[in-house]
Every structure is written in structure tokens, then in C-alpha cells.
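Read the figures in this text as sums done on the coordinates, not as results from a lab. If you're wondering where the values come from, they're calculated on a predicted model, not measured in any experiment. Virtual Cβ from ideal backbone geometry, glycine too; neighbours counted across all protein chains shown.
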Amino acid sequence: MKPDFNSMTKIELRTYVIAHPNDKAAFHAFVDRFTSEASPQTFDIPKSNAEVEEVDILIRQKLAQLKTS
């Protein structure tokens, strides 16, 4: 009997997918869950070293912000 993927938390679903890599239904539920919650925002690829450094700074700032939240 298959578990109810909709009732699982994100962590439980991820753990199940890792433990059952051949369960395609679980994988699809996992992808559907995470893509439905993903931001639709997209960004251009950095075109210069300065832009790459700017992106690196922004990522580090966001990570620091998440750690203090």
C-alpha cells in the first residue's frame, strides 16, 4: 500500500523519495510540491565578473538573513 504523499510534510516526502528512488509516483509528487511553491521569478545569467561578484554578495546576504530568521 502506497503512502499518502499529500499528507506528508516536505521533509517526510523528501526522505521517502530518497529511500525509494524507483518510486516514480513519489518523485512526481515531490517535484509537483516543490515547483508549486517555487518563486516564478527568473534572473539573467551574469555577463561579467562584476555581475558574478554582485550575485555572490546577494546570495551571501540572503543566506545570512535566513540564518537570523
Checklist entry - Rounded to the nearest 500 deg cm²/dmol, what is the calculated helix-only ellipticity per residue at 222 nm for the chain, with -39500 (n - 2.57) per DSSP H run of length n ≥ 4? => result -20000 deg cm²/dmol
Item to check | Among (1) 3, 18, 34, 24, 13, 6, 2, 0; (2) 4, 15, 24, 22, 19, 11, 4, 1, 0; (3) 3, 13, 17, 13, 12, 13, 14, 9, 4, 1, 0, the entry derived from the coordinates for P(r) over Cα pairs in 5 Å bins from 0, in percent | outcome: (3)
Item to check | Phe43-Thr9 FRET efficiency (beta carbon distance; Förster radius 30 Å; 0.05 resolution) | outcome: 0.55
Next on the checklist: Under a Cβ-only charge scheme (Lys and Arg +1, Asp and Glu -1), can you give me the dipole magnitude of the chain about the Cα centre, in debye to the nearest 20?
Outcome noted: 260
Checklist entry - Where a Cα-Cα gap under 30 Å defines reach, which lysines qualify for Lys62, not counting those fewer than 8 residues away within the same chain? => result Lys10, Lys47
Checklist entry - FRET efficiency for Ala64 and Ile18, Cβ-Cβ distance as r, R0 = 22 Å, nearest 0.05? => result 0.20
